[in-house]
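Bear in mind these aren't lab numbers, they're just calculated from the coordinates by the rules spelled out. The structure displayed is predicted, hence computed values, not measured ones. Using ideal geometry, Cβ is built from the backbone for each residue, glycine included, and neighbour counts are taken over all protein chains shown.
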Amino acid sequence: MKMKMTFDTWKEKKLQEVKNNKDDAVEHPRHYTSGSIECIEAIEASMTNEEFIGYLRGNAMKYQWRHRTKTNATQDLEKSIWYTNKLIERYKK
């Protein structure tokens, strides 16, 4: 019987892949990282809490909206989940 992977296990696996220098188009795309800071961190630092929540909501919606028109629909849905999880984390702060 195949066990379902928890989000925390999945996230740890993804972080380990990044540490092993594997490009991860959902969690940590190389083209969004400059030095030690990721683009999302710079965006967050430039916005108020309310603005950043709107940014996260908008991106989650964008990836849900366009997934059917993409070659890799699953990846866009994973990106939507990523932004939704960031939004949930923000509300838990």
Checklist outcome for this item: Surrounding charge for HIS67, neighbours by C-beta under 14 angstrom, Lys/Arg +1, Asp/Glu -1, total +3
Item to check | Highest to lowest packing among 70-82, 40-52, scored as the average C-beta count within 10 Å | outcome: 70-82, 40-52
